[in-house]
1. Suppose only helical runs count, i.e. DSSP H with n ≥ 4. What mean residue ellipticity at 222 nm does that imply for the chain under -39500 (n - 2.57) per run, divided by all residues and rounded to the nearest 500 deg cm²/dmol?
2. Which residue, Val329, Leu297, Met80, has the largest displacement toward the positive end of the dipole of the chain when charges sit on each Cβ (Lys, Arg +1; Asp, Glu -1)?
3. The list (i) 18; (ii) 27; (iii) 24 gives values of percent of Cα pairs over 40 Å apart, and only one came from this structure; which label was calculated from it?
4. Just order 129-135, 147-153 by mean Cβ neighbour count inside 10 Å, highest at the front, would you?
5. Output the peptides 256-263, 334-341, 345-352 sorted from most to least packed, where packing is the average of other Cβ atoms within 10 Å over each peptide's residues.
6. So what does Trp291 come to for accessible area, using a 1.4 Å probe and Å² rounded to 10?
7. Which residue, Gln236, Ser205, Leu164, has the largest displacement toward the positive end of the dipole of region 142-266 when charges sit on each Cβ (Lys, Arg +1; Asp, Glu -1)?
8. Once both axes come from the Cα atoms, what is the angle between helix 9-18 and the longest principal axis of the chain, in degrees from 0 to 90, rounded to 10?
Amino acid sequence: MPVRQTEGGNFFFNFHYTLHLPNPWGERLVAMIAFAFAALVLSGVLLHLKRLVPDYFTLRLKAALPRSLLDLHVLTGSAMLPFHIMITWSGLILTAENALPVLQLEQEPPTQTEAPQQSSTHWAPQASLVVMLQQAQAHLGSMPSYVLFDDGKTTFSAIQHDSLNANDLSAEFDSQTGEFLSQSKEPSPIENAFYTLNGLHLARSMGLLLRWLWFAGGLASSIMVASGLVYYTARQKKQTTHAFGLAKRLNIALLGGLITACLSFFVLNRLIPVQWQARAALEVTGFFGVWASGLLLVMLIPIRKSARIIAWATGLIGLALPVIDGLTVPLQAWGSMLHLTVNGMFLLTGLSAMGSLRFLPVWRSHD
């Protein structure tokens, strides 16, 4: 089956915990940032402990800009406080083994020898897939979710849906004879705790309602960080140091330029011709190219003008993506919830960016 070369959602998944840096330095850097964020969450709890309940009901949008930003920062931080704590600590535990290794193997790792070239059909099972699938369903107690073929073995795995436990049950068969070989063992309590933390952090196997709640938590986290950054610069606006000017410009490049780069990644995913070589690498290069261009833009032209340009670019790309999908995606695909949700988010992002242009003159009038 000819498959289109694309980095796809895998890019965002890896970028989340490696920042696209070489292994293992990316994971270690993200772990250090997560440790710092965990300390900030804990100190924020202690700082706002006496006002935790009032903070849930305080949002003065008509107040001076620093005051309204602080209210927004505290509200999004306190409203989703359990989520912030859970997602931070579960992420630290999941990356601890690779990011902060504490055990070093004394023996030298075995030397790797080049495996002989295998034909493209070496993995293909000779036994009946239908029979193996039926046996796997009987062993696992539920319909398998995916199947893996690897060096003479066929493994059927079932995701535990509507569960916080991310441990996939699996059954292994001989690809040549169809003989049942083994089944996943019952995990220990410690392994179960790890799989539960994995499920809580990745939200991969939980129900739809919890996944939307996790989405809202991630959105609240983004607003909390963004309002904190802008609050800092709004509070220091009387300063004229070069460092303060650099902080304001970096705010625009990070908060606006990153969203523009993410949307541009989706545009490249749709418009780069399928037959082009290194298509996946071009998507990633385009992402970082757009982000770097946004940074260069805010460094070269006045701050407010660069903010408006990035907001316009984000809005136009967000509104254009559903049009591109309408021209390139078959009509029958639009009946799926995936397409409707994704394009709905594109529209919402584009409209939000356009709406932010209306607030820029208002912010200029604040003290």
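The values are calculated or read from the model by the stated rules, or taken from the named source; none is laboratory data. Everything numeric in this text was worked out from a predicted model, so none of it was measured. Note: ideal-geometry Cβ built from the backbone for every residue, glycine included; neighbour counts use all protein chains shown. Calculation scope for accessible area: heavy atoms of the full protein, side chains included, ligands and nucleic acids excluded. Shrake-Rupley method; radii C 1.70, N 1.55, O 1.52, S 1.80 Å.
1. -20500 deg cm²/dmol
2. Projecting each Cα onto the dipole axis, the largest value belongs to Leu297.
3. Entry (ii).
4. 129-135, 147-153
5. 256-263, 345-352, 334-341
6. Roll a 1.4 Å probe over it and Trp291 shows about 60 Å².
7. Towards the positive end, the residue furthest out is Gln236.
8. 70 degrees
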